[in-house]
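Peer 1: Sharing a structure here in C-alpha cells format.
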Amino acid sequence: MRMRNTYATLERDVGMDYRSIASELNKIGDPVGHSTVRNVILRVLERFAVAIMASYGATGDPQRVARDPGFQRGLASLVRDASEINDDEVKNIS
C-alpha cells in the first residue's frame, strides 16, 4: 500500500487509483474524469464514516475521517474480510 496525496492506494494487483478507475469507466462508455471518481468515492467513504462514528458514539468531522488513509485502509480490510465469508458463515451470523 502506498500513501499518496492523503489517500490510500492499494498495490497495483489489488486496487486502482482515481485516474485508472476513470479510464476504465471511459472504456465501458461512462465518460467521467478522475476528479468525479474521487468525489463519488469520498462521498461513499463519508457515509461509511457517519455510520461507523454513530455506532461508536464518536464525534468529529466525517469528511475528515473519510479522507484519512488509516480509515480507508481499515475499511478496505473490513470489505476484504467480508468478501471472504462464505454463505454458511453468513447464515450463522444472523
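The values are calculated or read from the model by the stated rules, or taken from the named source; none is laboratory data. Remember, predicted model here, so these are calculated numbers, not experimental data. Because the Cβ atoms are built from the backbone with ideal geometry, glycine has one as well, and the counts that use them run over all protein chains shown.
Peer 1: Just for the range 38-62: of the residues that are of a type outside the set (S, T, Y) and over 17 Å from L75 (Cβ atoms), which one is surrounded by the fewest Cβ atoms within 10 Å (Cβ to Cβ)?
Peer 2: Out of the qualifying residues, it is G57.
Peer 1: Among V50, V37, V65, which is the only one that is in contact with a Phe, Trp or Tyr (Cβ under 7 Å, 6 or more places away or on another chain) and under 22 Å from D81 (Cβ atoms)?
Peer 2: Working: V50 fails: in contact with a Phe, Trp or Tyr (Cβ under 7 Å, 6 or more places away or on another chain); V37 fails: under 22 Å from D81 (Cβ atoms).
None of the others qualify; the one that does is V65.
Peer 1: Could you list, in sequence order, the residues of the range 57-82 that are within 20 Å of N39 (Cβ to Cβ) and in a loop (DSSP other than H, G, I, E, B)?
Peer 2: D61, D68
Peer 1: Pick from S23, S35: which is in a helix (DSSP H, G or I), modelled with pLDDT of 90 or more, exposed (fewer than 12 other Cβ atoms within 10 Å of the Cβ) and in contact with a helix residue (DSSP H, G or I) (Cβ under 9 Å, 6 or more places away or on another chain)? Explain how you work it out, then say what you get.
Peer 2: Values: S23 fails: exposed (fewer than 12 other Cβ atoms within 10 Å of the Cβ).
Answer to the selection: S35.
Peer 1: Additional query: Conditions first: (1) charged (D, E, K, R); (2) at pLDDT below 90; (3) within 19 Å of M16 (Cα to Cα). D68 passes all but one, so which condition is the exception?
Peer 2: (2)
Peer 1: Given (1) modelled with pLDDT under 95; (2) in a helix (DSSP H, G or I), identify the lone condition not met by R47.
Peer 2: Among (1) modelled with pLDDT under 95; (2) in a helix (DSSP H, G or I), the lone unmet condition for R47 is (1).
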